[in-house]
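All remarks here apply to the structure that follows.
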Amino acid sequence: DGGITQSPKYLFRKEGQNVTLSCEQNLNHDAMYWYRQDPGQGLRLIYYSQIVNDFQKGDIAEGYSVSREKKESFPLTVTSAQKNPTAFYLCASSHQRDRGTYEQYFGPGTRLTVT
Amino acid sequence: QQQVKQSPQSLIVQKGGISIINCAYENTAFDYFPWYQQFPGKGPALLIAIRPDVSEKKEGRFTISFNKSAKQFSLHIMDSQPGDSATYFCAASSAGSQGNLIFGKGTKLSVKP
């Protein structure tokens with residue numbers, strides 16, 4: 001059963017603690033992404049990786065870090081430096097369908113609450 | 001120039017009616033325009049997508065209309081059903097961005113029985 005898995009579905013942390021969100025895909029996609037979703041804000045790109053051992057900052061990378069040691073995995077760490085970490089986090093992966101068309105697919109998301 | 005502007009922010013439609021959501025863009029390098037459907041607490045799902053070499057694409061009750069000269073595209077949901085109630089996002093990307101999507105801010109659709 002192919003797809004993108006994110007765990008856990010709900011995560012609670014105390015302020016000042018780092019927390020790592022898991023994202024795994026078995027679609028054999030090269031590219032993976034992390035987005036943050038807040039009510040009324042749409043989806044904002046945190047980090048993306050086009051290939052193993054390489055990743056790029058998105059629009060709101062401050063306070064976050066990632067790694068891409070394996071093609072299937074792209075974990076996101078929310079550090080204590082992130083000012084407002086409570087949000088719904090979405091992982092995605094994409095493949096090139098044809099001449100520049102990359103179809104992007106999303107995981108089920110992790111809702112992080114920091115108090 | 002990288003923005004995709006989506007409207008309306010929310011939409012209420014009667015069952016059986018037509019839902020129309022609009023998006024506009026500025027970057028003429030955009031060449032792929034997908035729509036995503038998201039139910040509460042779930043990840044967005046790819047619904048339908050279009051490239052600018054066609055003006056319309058239809059899949060079941062969902063149709064994308066594309067106006068290249070106006071730099072606008074829209075999603076039409078025919079015979080809207082309560083099960084279509086969700087948030088819809090338009091997006092755009094260019095070949096040079098290697099798949100990085102620019103998203104609109106979303107439209108919350110409610111279909112009343």
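The values are calculated or read from the model by the stated rules, or taken from the named source; none is laboratory data. Bear in mind the structure is a predicted one, so any value in this text is a computation, not a measurement. With ideal geometry, Cβ positions are generated from the backbone for all residues, glycine too; neighbour counts draw on all protein chains shown. Ligands, DNA and RNA are stripped out before the accessible areas are found, and what is left, the full protein with its side chains, is counted by its heavy atoms. Shrake-Rupley method; radii C 1.70, N 1.55, O 1.52, S 1.80 Å.
Couple of notes before you dig in:
- Among the residues of B:35-47, the average count of other protein chain beta-carbon atoms within 10 Å of the residue beta-carbon is 4.
- For the range B:63-106, accessible area lost to neighbouring protein chains reaches 10 Å² or more, against the chain alone with a 1.4 Å probe, at B:Phe89, B:Ala95, B:Gln98, B:Gly99, B:Asn100, B:Leu101, B:Phe103, B:Lys105.
- Along principal axes, Cα extents of the range A:9-115, largest first, whole Å: 45, 31, 23
- Within chain B: Cβ-based charge dipole about Cα centre, in debye rounded to nearest 20 (Lys, Arg +1; Asp, Glu -1): 260 debye
- Protein accessible area in the range B:14-95, 1.4 Å probe - carbon and sulfur %: 51 percent
- Dipole in debye (nearest 20) - the protein assembly as shown, about Cα centre, beta carbon charges: Lys, Arg +1; Asp, Glu -1: 540 debye
- Residue by residue, the range B:86-98 carries 3J(HN,Hα) couplings of 5, 9, 10, 10, 8, 8, 8, 8, 10, 4, x, 8, 6 Hz when phi is fed to the Karplus relation 6.51 cos²θ - 1.76 cosθ + 1.60 (θ = phi - 60°); x denotes Gly or Pro.
- Exercise: per-residue mean of other protein chain Cβ atoms within 10 Å, A:36-44: 4
- Qualifying trypsin sites (Lys or Arg not before Pro) in the range A:1-108, DSSP loop, other Cβ atoms within 10 Å at most 10: A:Lys9, A:Lys14, A:Lys83, A:Arg99
- Rounded to the nearest 100, the interface formed by chains B and A buries 1900 square angstrom of accessible surface, both chains summed, with a 1.4 Å probe.
- Relative intensity, log₁₀ I(q)/I(0), of chain B from a Debye sum that treats every alpha carbon as a point, q = 0.17 Å⁻¹: -0.76
- Accessible area in square angstrom per residue, chain A, 1.4 angstrom probe: 51 Å²
- Pairs of Cα atoms farther than 13 Å apart, the range A:58-110, %: 70 percent
- With every protein chain in place, the range A:1-104: carbon and sulfur % of accessible area (1.4 Å): 44 percent
- Phi-based couplings in Hz for the range A:25-41 (Karplus 6.51, -1.76, 1.60; Gly and Pro marked x): 9, 10, 8, 6, 7, 6, 9, 9, 9, 10, 10, 10, 10, 10, x, x, 9
- The largest accessible area among B:Ile18, B:Ile48, B:Ile12 belongs to the first residue in B:Ile12, B:Ile18, B:Ile48, and the rest follow in falling order (1.4 Å probe, all chains).
- Hydrodynamic radius (Kirkwood) for the protein assembly as shown, which is based on Cα pairs only, to one decimal in Å: 18.1 Å
- Length gained when the stretch A:Arg111-A:His95 is fully extended (0.36 nm per residue, less Cα-Cα span): 3.2 nm
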